[in-house]
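Novice: Here's a structure for you.
The values are calculated or read from the model by the stated rules, or taken from the named source; none is laboratory data. Model, not experiment: these values are computed from the prediction. Note that we place each Cβ from the backbone using ideal geometry, even for glycine, and neighbour counts take in every protein chain shown.
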Amino acid sequence: MSSRSSSPSILSDNDSDLSSSLSEDVPEIIEGEFIPYDENLEPVATQEEAAAFEENSVREEEERVMFQRRFAGEVETNTWCKCSQCSTEAVTKAEEYVCCKEIDRVGEVMSQVDLEDQCITLHPGFRDVCLNRWVLEIASLALKTKAGKSYRTLFSQGLKSESE
Ligand SMILES: [Zn+2]
Ligand SMILES: [Zn+2]
């Protein structure tokens, strides 16, 4: 390439230099290379993916039924609570009828502090992290409801009470 103009302006009088560098960088568009969107070209799930999806749907439905039975009082709390701390006094939704021992991540967290057999509420950080209003307010900034709404928006619109 010939010498570049030192001027930062592209309106330099060295036009031939500019146009030659442009034609080098921009690939030529070949007619017919881009075809319009065709939904038949969407990737189809493999058999394994379809089976995994089906399995997941079945498990979710089983869980939903299980929580619903607990919610309806068809099964006693002590039959599903393995941490012996669960209380249904303040819960309002079926999916809240879950024992901390049913959540895999809870086991991992509790074993880090050598309290494998204990309830998550006995974790040394539980009070500060899970019950402090200001900590929860900050944490809610990064969270969305299942419907994709931000908690902050719901609070400010008064659509969600603090107890929820
Ligand atoms: Zn429990
Ligand atoms: Zn528990």
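Novice: I'm trying to understand the selection: among the residues of segment 56-100, which are more than 15 Å from ligand 2 (Cβ to nearest atom), not in a helix (DSSP H, G or I) and not hydroxyl-bearing (Ser, Thr, Tyr)?
Specialist: Listed by number, the residues that qualify are Ala72, Gly73, Glu74, Val75, Glu76, Lys93.
Novice: Give me a count of the residues in segment 121-138 that are surrounded by 13 or more Cβ atoms within 10 Å (Cβ to Cβ) and either within 10 Å of ligand 1 (Cβ to nearest atom) or in a loop (DSSP other than H, G, I, E, B) (or both).
Specialist: Residues in segment 121-138 being surrounded by 13 or more Cβ atoms within 10 Å (Cβ to Cβ) and either within 10 Å of ligand 1 (Cβ to nearest atom) or in a loop (DSSP other than H, G, I, E, B) (or both): 2 in total.
Novice: Go through segment 91-114 and count every residue that is out of contact with any Cys (no Cβ under 6 Å at 6 or more places or on another chain), more than 17 Å from Arg69 (Cα to Cα) and within 14 Å of ligand 1 (Cβ to nearest atom).
Specialist: Our first condition is that a residue be out of contact with any Cys (no Cβ under 6 Å at 6 or more places or on another chain); within segment 91-114, this holds for 91-98, 102-105, 107-114.
Then drop every residue that is not more than 17 Å from Arg69 (Cα to Cα), which leaves 103-105, 107-114.
From what is left, the residues that are within 14 Å of ligand 1 (Cβ to nearest atom) are 103, 107, 110.
So the answer is 3.
Novice: Might you check whether a residue that is under 24 Å from the mean Cα position of the chain (by Cα) and within 15 Å of ligand 1 (Cβ to nearest atom) occurs anywhere in segment 67-90?
Specialist: Checked against the condition, which is being under 24 Å from the mean Cα position of the chain (by Cα) and within 15 Å of ligand 1 (Cβ to nearest atom), segment 67-90 yields at least one hit.
Table: residues versus (1) surrounded by 16 or more Cβ atoms within 10 Å (Cβ to Cβ); (2) of a type in the set (Ser, Thr, Tyr); (3) at pLDDT 95 or above.
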| site | (1), (2), (3) |
| --- | --- |
| Thr88 | no, yes, no |
| Lys93 | no, no, no |
| Asp104 | no, no, no |
| Val113 | no, no, yes |
| Cys119 | yes, no, yes |
